[in-house]
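Peer 1: Mind looking over this structure? Questions follow.
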Amino acid sequence: MADPAVSAGSSGRSSSKSNSSPSENYCMARRRTLQVAVSALLTESGFESAEKAAIETLTEMMQSYISEIGRCAKAYCEHTARSVPTLSDAVVSLIEMGLNVDTLPVYAKRSQRMVITAPPVTNPPVTPKALTAGQKRTHPAHIPSHFPDFPDPHTYIKTPTFREPVSDYQVVREKAATQRRDVERALTRFMAKTGETETLFKDDVTTFPLIAAKPSTIPYLSALLPSELELQSLEETDSSEQDDQTDSENAAGHNISDDPSADKENSLLPPSGVVPSSKSSDENMIDNPYLRPVKKPKVRRKK
């Protein structure tokens, strides 16, 4: 009789490998059937228990013996130009391996033999509908049925997954406010870690750090100085005025050179050949936005 530890170990392995492939499940079932047959033979011989290592060794020997019989039967089958072995091929294989075939009927009709019940048929696990993608392929006609099945379609089918962008006004506003708050917190923490900080609690400096205020000798200076945006806009206006001035000067130079009757006028021009304009007086003005003349806004009249 087989050791209870063997059955317990085999049941544990079966539970741990319940999610394996069909081919692996078939090999495991065949191995368990051979173990049951070996245990039955040991019980007929008078054994009451057996170690796990002994059961495994005898099972391996029986599997090797059956595999050798099948290999010899296949060789005899192919030698006679057939593809399916027959009973005669198996008998010749047993004779070649040294077994007396005449003793098989007597051994099959022995009185103390044990009948091994068929293993229970278990239903394959059902895959949930949420995990199924596509239709599972079956074996073509040229592939034998004992070969492993094709993998699930979701393993080789491209299934793009994406989320639709949120267009709700309230959600977008809340997300923007949350991102702005996170950015402000990150910048505050960065400045608190890299610069000088003050704390509300004298005992613990790292509890609630505050950015230290740096006193300035002239506190109203920042209000008088123009900001970066104002300086940038002034530079853009100056550059546009200079471009207009150079375009007008180039146009005047071309008109003078093309007109042959303007020789007398050219003699009155300065050596540079450029007519002095009223804008030259603006160059001597100090580049200070507070000293520039006031520009009155244009008033649109209602029609």
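The values are calculated or read from the model by the stated rules, or taken from the named source; none is laboratory data. Computed from a predicted model, the values in this text were never measured in an experiment. Every residue, glycine among them, receives a Cβ derived from its backbone with ideal geometry; neighbour counts consider all protein chains shown. The protein model used for the area step is the full one, side chains on, heavy atoms only, and it has no ligands, DNA or RNA in it. Shrake-Rupley method; radii C 1.70, N 1.55, O 1.52, S 1.80 Å.
Peer 1: I'd like the accessible area for THR194: 1.4 Å probe, protein heavy atoms, all chains in place, Å² to the nearest 10.
Peer 2: 100
Peer 1: Kindly identify segment 146-190 as rounded, prolate or oblate by the Cα gyration tensor criterion: order the square roots of the eigenvalues as a ≥ b ≥ c, call it rounded if a/c is under 1.5, otherwise compare a/b with b/c, prolate if a/b is larger, else oblate.
Peer 2: Here segment 146-190 falls in the oblate category.
Peer 1: What fraction, in whole percent, of alpha-carbon pairs in segment 54-127 exceed 13 Å separation? Could you put the intermediate results ahead of the total?
Peer 2: Numbers: 2059 of 2701 pairs.
Across segment 54-127, Cα pairs with separations above 13 Å total 76 percent.
Peer 1: Same structure, new question: Using the Cβ atoms and a cut-off under 12 Å, what net charge is assigned to the surroundings of LYS175, where Lys and Arg are +1 and Asp and Glu are -1? Write down the numbers at each step before the final one.
Peer 2: Values: positive: ARG173, ARG180, ARG181; negative: ASP168, GLU174, ASP182.
Its environment carries a net charge of 0.
Peer 1: Still on this structure: What are the residues whose amide H is under 5 Å from the amide H of THR199, where those residues sit 5 or more places off or on another chain and H is modelled from the backbone?
Peer 2: LEU210
Peer 1: Using 0.36 nm per residue of separation minus the Cα-Cα distance, give me the extension gain between PHE147 and ARG181 in nm, one decimal.
Peer 2: Stretched out fully, the PHE147 to ARG181 stretch lengthens by 6.3 nm.
Peer 1: While we're here: Estimate the FRET efficiency between THR138 and SER111 by the formula 1/(1 + (r/R0)^6), using the beta-carbon distance for r and 41 Å for R0, to the nearest 0.05.
Peer 2: Efficiency computed from Cβ-Cβ geometry: 0.30.
Peer 1: Which length gain, in nm to one decimal place, applies between LEU291 and GLU60 when the Cα-Cα distance is subtracted from 0.36 nm times their residue separation?
Peer 2: Taking LEU291 through GLU60 to full extension adds about 72.7 nm, to one decimal.
Peer 1: Which whole-Hz couplings ³J(HN,Hα) result when phi for each residue of segment 240-246 is put into the Karplus expression 6.51 cos²θ - 1.76 cosθ + 1.60, θ = phi - 60°, listed in order with x for Gly and Pro?
Peer 2: 5, 5, 5, 5, 5, 5, 5
Peer 1: Taking one equal scatterer on every alpha-carbon of segment 145-233, how large is log10 of I(q)/I(0) by Debye at q = 0.22 1/Å?
Peer 2: Computed log10 I(q)/I(0) values: -1.11.
Peer 1: Further question: Ranked from the most accessible area to the least, with a 1.4 Å probe and all protein chains present, what is the order of LEU94, LEU225?
Peer 2: Sorted descending by solvent-accessible area, the residues read LEU225, LEU94.
Peer 1: Now, a different point. Given a Förster radius of 22 Å and the C-beta distance between GLU236 and GLN170 as r, what FRET efficiency does 1/(1 + (r/R0)^6) yield to the nearest 0.05?
Peer 2: For GLU236 and GLN170, the calculated efficiency is 0.05.
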